[in-house]
Amino acid sequence: MKLRWKYVFIVNLFTVLAMSVFFIIDDRKARDDAETSQVTNLVIGANIHKVAELVGRSMQDIIDLSQLPENLEKRIQEELVLLRDKKELPDVIEIHITDQTGTILGSLTGGEVGNRVNINDEIRNAVAQGEIHISGLAKYHDEYTTAVIVPYTAEAAVINNKGIELQPGLIQILFSASNVVKMINAMRLRHLLYVLAVSFALVILIIISTVSMVDRPLRGLIKFIVRAKEGNFDALPPVSYSSNEIGRLAYELDRMLREIRTAHEQRIAALGTLASGVAHEIKNPLNLLGLEVLNLKELLSSDKIKPEEVNEAREYADKITSQIARLSKITEQFIQLTRPSKLDIRQVDLDLLVDGVITEFMLTLDKTNIKVITNYCKQLQDVQVDPGKIRQALFNIIQNSIQAIHRWGKIYVNTNRVKSATGDKATIEIRDTGMGIPEYIQGRIFDAYFTTRESEGGTGLGLTITHQIIDAHNGRIEMKSKEGMGTSFTITLPI
């Protein structure tokens with residue numbers, strides 16, 4: 001499973017688990033609260049009905065709308081205060097006694113007399129039919145209350161000595177809702193604490209998952225890279241080669257560092273081979289030079305030099321000159337091998353360049369009865385190369401082919417223009433019918449100072465320099481060979 005999907009799955013799993021735990025705990029507590037609230041509501045409801053009936057009876061007995069307003073207000077307040085003092089009005093904050101228009105005739109605290117109670121027609125009609133109306137929470141002087149409205153009837157006046165007219169009125173009783181508010185606030189606080197606890201637990205789980213799945217493996221890889229940078233290639237990556245992105249990164253990193261280590265070891269070995277080859281190549285000419293100088297010194301030490309000794313001295317001088325030339329060539333090749341190539345890029349006709357190199361070998365080809373069969377594509381007039389470097393590379397390959405054939409053979413030279421995703425390419429194939437290269441040494445033919453013709457004066461630098469030249473042109477050289485059937489070299493160059 002990919003890391004991002006695994007990470008998303010685990011985070012969502014933790015989220016679902018956290019929400020499930022939150023639901024279970026909150027549901028259990030909510031049921032407990034519901035049971036407690038039901039009992040509390042029953043008690044409060046019973047208390048509301050009891051107080052409403054008590055106040056309603058009291059007001060019907062004492063209210064006479066024919067009285068003067070100030071006397072009526074005083075009498076109402078006295079009666080309500082008396083009920084309060086008798087502890088018969090538990091949790092009651094205020095009581096408003098109104099007439100049929102909603103105008104307050106009297107109250108428990110003596111305030112707001114003459115004001116109108118804000119009651120809509122729907123509530124007024126319901127109460128007029130004898131119902132008790134209980135409203136929800138509302139603020140009254142910065143305190144939450146529950147309002148209960150009940151009807152009452154009162155004596156209005158004596159009309160023509162024929163009887164008493166009864167008029168309806170309203171009683172608004174405001175009960176303290178502090179316990180309800182406290183319960184609601186407690187529930188809100190509990191929910192907040194539950195959310196914070198679940199969120200905190202969820203964050204901790206996500207952090208643990210992130211550290212386990214991402215942070216710790218990456219920190220381990222960073223330490224591994226730092227150790228590799230310091231030259232310690234033996235340590236293994238601290239994470240397994242799992243199928244996620246970090247596992248693949250560890251695998252690729254391990255593979256890359258192993259390749260770097262192998263390449264480093266190969267460079268060290270190549271450096272040793274290079275140093276050994278240079279020492280060997282220089283040592284032989286120096287030894288020969290030393291012998292020739294001693295012979296010449298011995299020859300010239302006599303008082304009289306015979307004519308034949310003069311000729312012998314000339315031979316020694318020629319040998320010395322030859323060895324000096326050999327040393328000069330070795331030095332030049334070594335410098336060319338170790339110094340980056342500076343290319344003099346020009347537009348050339350590659351077919352003509354190849355044909356010119358073949359012409360340089362015509363004398364040798366005639367002596368060895370080797371035929372060169374060419375097949376030029378004649379579409380390579382716009383190739384951008386360093387003609388001198390490419391000539392040298394082709395010269396080395398053709399020279400190797402001639403040496404591999406010795407006598408009576410063929411060399412096939414083909415050029416072509418091919419298309420690729422990165423643009424047109426020029427290819428040069430040089431194939432001979434020589435003795436071929438044994439398979440066990442094919443991987444070393446481009447190594448510096450590796451040669452199978454050391455006794456014939458080979459330095460082992462020709463193909464190394466050729467490979468270096470082709471690389472400098474951003475090209476590619478490939479070799480295929482089968483012992484006893486010949487060898488082919490294919491050079492690919494960008495156009």
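Structure data summary
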{"item": "Considering residues of the range 91-147 that are crowded, with 18+ Cβ neighbours inside 10 Å, small (Gly, Ala, Ser) and in contact with a helix residue (DSSP H, G or I) (Cβ under 9 Å, 6 or more places away or on another chain) only, the residue modelled with the lowest pLDDT", "result": "Gly106"}
{"item": "Count of the range 480-494 residues which are surrounded by 16 or more Cβ atoms within 10 Å (Cβ to Cβ), among the hydrophobic types (A, V, I, L, M, F, W, C) and in contact with a Gly (Cβ under 9 Å, 6 or more places away or on another chain)", "result": "2"}
{"item": "Failed item in (1) surrounded by fewer than 20 Cβ atoms within 10 Å (Cβ to Cβ); (2) within 46 Å of the chain's Cα centre (by Cα), with Met435 passing the rest", "result": "(2)"}
{"item": "Long-range neighbours under 6 Å by Cβ, at least six apart or interchain, first residue part of a helix (DSSP H, G or I) within the range 171-188, second not charged (D, E, K, R)", "result": "Val181/Tyr144"}
{"item": "Unmet criterion (only one of (1) within 19 Å of Thr490 (Cα to Cα); (2) modelled with pLDDT of 90 or more; (3) surrounded by fewer than 17 Cβ atoms within 10 Å (Cβ to Cβ); (4) out of contact with any strand residue (DSSP E or B) (no Cβ under 8 Å at 6 or more places or on another chain)) for Gln379", "result": "(4)"}
{"item": "Candidate set: the range 346-388, residues that are under 49 Å from the mean Cα position of the chain (by Cα) and assigned to a strand (DSSP E or B); chosen: the one nearest to Thr464 (Cα to Cα)", "result": "Val385"}
{"item": "Of the criteria (1) farther than 20 Å from Ile465 by Cα; (2) basic (Lys, Arg); (3) under 51 Å from the mean Cα position of the chain (by Cα), which one Arg391 fails", "result": "(1)"}
{"item": "Number of the condition not met by Thr490 [criteria: (1) closer than 21 Å to Val372 by Cα; (2) at pLDDT below 90]", "result": "(2)"}
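The values are calculated or read from the model by the stated rules, or taken from the named source; none is laboratory data. Owing to the predicted nature of the structure, the values given are computational and were not obtained by experimental measurement. Positions of Cβ are generated from backbone atoms using ideal geometry, with glycine treated the same way; all protein chains shown enter the neighbour counts.
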